[in-house]
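The next block holds one structure in the form of structure tokens; read it before the comments.
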Amino acid sequence: MASDYSWPARSTRRHFFGKSAYGLGVAALANLLGEDLPAAGLSGVPHSAPRAKRVVYLFQSGAPSQLDMFDYKPQLDQLRGSDLPESVRQGQRLTAMTATQSSFPIAPSMFRFHQHGESGAWISELLPHTAKIADRLCIVKSMHTEAINHDPAVTFFQTGAQLAGRPSIGAWISYGLGSENRDLPGFVVMVSSGSGRNGQPLYDRLWGSGFLPTRYQGVKFRSTGDPVLYLSDPDGIDRAARRRFLDDLGKLNEIKHKEFGDPEILTRVSQYEMAFRMQASVPELTDLSKEPESTFTLYGPEARKPGTYAANCLLARRLLERDVRFVQLFHRGWDQHTDLPDQIRKQCADTDQASAALVQDLAQRGLLEDTLVVWGGEFGRTVYSQGKLTEDNYGRDHHPRCFTMWMAGAGIKPGTMVGETDDFSYNITEDPVHVHDLHATLLHLLGIDHEKLTFKYQGRHFRLTDVHGELVKKALA
């Protein structure tokens, strides 16, 4: 008698339910090749009326010194060179760079501060362009984090956890809200380096999807060659042939999806289709030849040079006006343990004009009212000098207890300051803002309840804000 022990008969219970669970996925795949609409987000999301449609996050990797840019402490001039009181330091954990120092000499900023705008915000001479938009900003002086070293601190800001493996903030937003542009990714990343030291490395996992489907990970745009890898067709393959190839490949993937129910098959097909559409959309996006001279006057001459922070800010505006949901710029070089006065001047020269220009450009195009702009690094810098303090030189170590970030645009109360620090910019004295609070507020402005945007993985429902997070209500308009 012939055996009836065929593959269907051998299907396991798990396999059966897996196939059933992805039945809707098969329909989605069937529609994918002819899809004319952007990818939808989760049902029921947004949870409330959004104030922001899109976000641009200007991440300053390496930790800018709040003492030299935003947190004005004139009384420190009288304490220059004296040891930081133990009553202020309170036994704080130190990094390996300063743990062996015999003293912790106070290093006042050597840069002049002035008040700007009707808000009267104190901003350093290092940031003349940012100073001009002071009344558009909400400056948060009371940020704090749990990490004291760069990699876990950057990972914490990007994923809500210090250990690698969680989805990035852009991936969470793409997962919840979907995309509004069918021809470009919903989440785009660009990286630049300062004209000073390059600083800490940045890894692709910082904009990864973690345990979410990989279709939600960020797409990194490069400054040389093709903006996106593998976007060009091989020699001898024209666009019509590429279309026929993708159609046939899609049919094969549909067969595999029906057989195995693996959601990554859907991701693979959607990424093939996105790459095909990007072959037409990306060259147009990155072609700056039609930008008027006034644009380069606004952003600065470096905006003409691919890969610079200024050029990335300009590309960010072009992405945002094409309704890309989440754009993140990483700029390296802020890790100034030594030679801070020289290094921070270079970093500010690289970033100040373009950051302010992006806010101004969005405003004049009517986009700032529904675009959220976020600026900041992974932690701050110490009031005491790392290494030798001299008349014209000092360095600063990592400081997670308090640092400054700013926000502007959709739903943000302009011309405001949130939080205060003590006379040493060492401890928070008013309105502390945790990393999870920032994330909760950002999601809220997009219409997302941070407690409801979850994903079940390994038996637990995870979210960006873990089990924490409160809205920064003083920052909201």
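The values are calculated or read from the model by the stated rules, or taken from the named source; none is laboratory data. Not measured: the values here are computed from a predicted model. Backbone-built Cβ (ideal geometry, glycine too); neighbour counts: all protein chains shown.
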Take the residues of segment 154-177 that are within 22 Å of TRP334 (Cα to Cα), assigned to a helix (DSSP H, G or I) and not hydrophobic (A, V, I, L, M, F, W, C): which is nearest to the chain's Cα centre (by Cα)? GLN158
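Taking segment 367-402, which residues are within 20 Å of ALA477 (Cα to Cα) and either hydroxyl-bearing (Ser, Thr, Tyr) or at pLDDT below 95 (or both)? Can you show your working first?
Taking segment 367-402 and keeping what is within 20 Å of ALA477 (Cα to Cα), we get 367-375.
Correct list: THR371 only.
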Within segment 92-99, does at least one residue satisfy the condition of being more than 25 Å from ASP151 (Cα to Cα) and either touching a residue at least 60 places away in the same chain (Cβ under 8 Å) or surrounded by 15 or more Cβ atoms within 10 Å (Cβ to Cβ) (or both)? no
Quick test for you: out of TYR394, TYR384, pick the one residue that is crowded, with 23+ Cβ neighbours inside 10 Å, aromatic (Phe, Trp, Tyr) and part of a strand (DSSP E or B). TYR384
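Would you point out which residue out of ALA363, ALA408 is assigned to a helix (DSSP H, G or I) and touching a residue at least 12 places away in the same chain (Cβ under 8 Å)?
Details: ALA408 fails: assigned to a helix (DSSP H, G or I).
Result of the check over ALA363, ALA408: ALA363.
Can LEU76 be described as surrounded by fewer than 22 Cβ atoms within 10 Å (Cβ to Cβ) and either more than 24 Å from ASP335 (Cβ to Cβ) or touching a strand residue (DSSP E or B) at 6+ places or on another chain (Cβ under 7 Å) (or both)?
On the way: surrounded by fewer than 22 Cβ atoms within 10 Å (Cβ to Cβ): yes; either more than 24 Å from ASP335 (Cβ to Cβ) or touching a strand residue (DSSP E or B) at 6+ places or on another chain (Cβ under 7 Å) (or both): yes.
Criteria met by LEU76.
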I'd like to verify a number: residues in segment 433-447 that are touching a Gly at 6+ places or on another chain (Cβ under 6 Å) and on the phi > 0 side of the Ramachandran plot, how many? 0
Which members of segment 126-143 meet the condition of being in contact with a His (Cβ under 7 Å, 6 or more places away or on another chain) and surrounded by fewer than 20 Cβ atoms within 10 Å (Cβ to Cβ)? none
Under 6 Å between Cβ atoms, at least 6 apart or on separate chains: pull out the pairs that start in segment 178-201 with a residue that is on the phi > 0 side of the Ramachandran plot and end on any residue that is of a type outside the set (D, E, K, R) and modelled with pLDDT of 90 or more. GLY199/GLY62; GLY199/GLY333
Go through segment 419-457 residue by residue and tally those that are in a strand (DSSP E or B) and closer than 29 Å to ASP83 by Cα. 7
Restricting attention to segment 142-163, which residues are aliphatic (A, V, I, L, M) and farther than 21 Å from GLN92 by Cβ? ALA161, LEU163
For PRO46, indicate whether it is farther than 30 Å from TRP207 by Cα and assigned to a loop (DSSP other than H, G, I, E, B). no
Which one is nearest to ASP83 (Cα to Cα), of the residues in segment 101-124 that are assigned to a loop (DSSP other than H, G, I, E, B), in contact (Cβ under 8 Å) with a residue 60 or more places away in the chain and over 29 Å from the mean Cα position of the chain (by Cα)? PHE104
Taking segment 63-85 only, how many residues are assigned to a helix (DSSP H, G or I) and within 23 Å of GLN200 (Cα to Cα)? 3
Hey, could you check segment 317-354 for residues that are under 16 Å from SER193 (Cα atoms) and of a type in the set (A, V, I, L, M) and say which is surrounded by the most Cβ atoms within 10 Å (Cβ to Cβ)? ALA354
Considering every residue within segment 86-96, establish whether at least one is in a loop (DSSP other than H, G, I, E, B) and modelled with pLDDT of 95 or more. no
If ALA410 passes every condition in (1) closer than 19 Å to ALA161 by Cα; (2) touching an Asp or Glu at 6+ places or on another chain (Cβ under 6 Å); (3) not aromatic (Phe, Trp, Tyr) but one, which one does it miss? (1)
